[in-house]
1. Kindly indicate which of PHE52, PHE57 is surrounded by 15 or more Cβ atoms within 10 Å (Cβ to Cβ) and of a type in the set (Phe, Trp, Tyr).
2. Which residues, taken from region 60-74, are surrounded by 14 or more Cβ atoms within 10 Å (Cβ to Cβ) and either of a type in the set (Val, Ile, Thr) or in contact with a Ser or Thr (Cβ under 7 Å, 6 or more places away or on another chain) (or both)?
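None of the figures in this text is laboratory data; all of them are computed from the coordinates on show. Keep in mind that what you see is a predicted model, and the values were worked out from it rather than measured. Here Cβ is always computed from backbone atoms with ideal geometry, including for glycine, and neighbour counts include all displayed protein chains.
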Amino acid sequence: MTKEKDRMTGLRQISLLTAIPALLVIGPLIGLWVGRYLDGRLGTEPYMLVLFVALGFVASGRETWKLIKLASDTEAGNKK
């Protein structure tokens with residue numbers, strides 16, 4: 001039972017950590033899309049673009065930090 005639990009914990013960590021590259025790309029891309037759309041509608045080019053891309057990076061960084069912390073907590077719980 002312990003080997004099976006260790007294996008599942010390892011697979012869970014791998015799945016959590018492989019999501020990080022996607023998060024780092026998707027956040028700024030969504031910010032780019034929203035910023036370009038708002039700049040086109042409001043005529044504020046490039047201010048909304050810069051704002052929303054920056055917010056995308058911040059959101060991606062925050063979610064990445066949460067995933068790393070979750071994977072670390074999972075590993076610490078597994079060692080107990």
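1. Details: PHE57 fails: surrounded by 15 or more Cβ atoms within 10 Å (Cβ to Cβ).
The match here is PHE52.
2. THR64, THR74
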